[in-house]
Amino acid sequence: MKTRRTLLLFFSLILGGVSSVTAGETETPMIDIPNALEIQAGVLGGGQPDEAALRAAADAGYRTIVNTREPGEKGELENQAELIRSLGMNYVTIPTRSGSSFNEENAKRLAEILDDPEAYPVMVHCASGNRVGILFAVKAYYLDDVAGPEALELGKRAGARRIPVEVEKLLSGE
């Protein structure tokens, strides 16, 4: 009986340890950024983080911050790249502004990051979270074989609220 209990305890600990490791690999720590939402396991999307949010992201174990804002955009955190790197995280920029910047090339750049298990957890941001959602929609359309209307819905769930005309035409098949 004692052996049976010991074995049961042993397997419970082993299985519990495995599940916590698995959960930790896909966990998305919530950080206080504008319009924050979990886009997929391990990926937080939203608006421009301030310095405190980036420090919180580093403390929470984030490894990669993806900035989809154009350089020098109003409201962008000054010296953001240097701060992120000094906190031990990777900084990647995929500048998007107009409808034409939501293209297959930028979708591939996002996919490269998301396909790298060493990049997680990942925070993807713009000013408000809108462009983040659009970029995820375009990635789904170009690279994940998601039909246009479904990709558009995915983008909305990922934070898109205002879709540029060029992207709307692309995803609606016009």
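Annotations for the structure displayed:
- Amide H contacts of ASN90: THR64, ILE65, each under 5 Å away and 5 or more positions distant or on a separate chain (H built 1.01 Å from N in the peptide plane; Pro and chain starts excluded).
- Span from the the range 49-82 Cα centroid across to the the range 126-172 one, whole angstrom: 22 Å
- Scalar couplings 3J(HN,Hα) for the range 102-108, obtained by applying the Karplus form with A = 6.51, B = -1.76, C = 1.60 to θ = phi - 60°, are 8, 10, 4, 4, 5, 4, 5 Hz; x denotes Gly and Pro.
- Share antiparallel - DSSP beta bridges, the range 29-172, percent rounded to 5: 20 percent
- Taking a Cβ cut-off of under 15 Å around ASN90, the surrounding Lys, Arg, Asp and Glu residues balance to a net charge of -2, with basic ones at +1 and acidic ones at -1.
- Using R0 = 30 Å, the C-beta based FRET efficiency linking TYR91 and GLU27 works out to 0.90.
- Simple label model, 7 Å out from Cα along Cβ direction - ASP59 to GLU82, nm: 2.4 nm
- Given their separation in residues at 0.36 nm each and the Cα-Cα distance between them, ASP116 and ARG161 gain 13.4 nm when the chain is fully extended.
- Whole-number percent relative contact order across the range 29-172, with pairs defined as alpha carbons under 8 Å at least 6 apart: 28 percent
Throughout, read-outs are computed from the coordinates displayed, never taken from laboratory work. Predicted model, so just to flag it, every value in this text is computed and none were measured. Please note: Cβ atoms are built from the backbone with ideal geometry, for glycine as well, and neighbour counts cover all protein chains shown.
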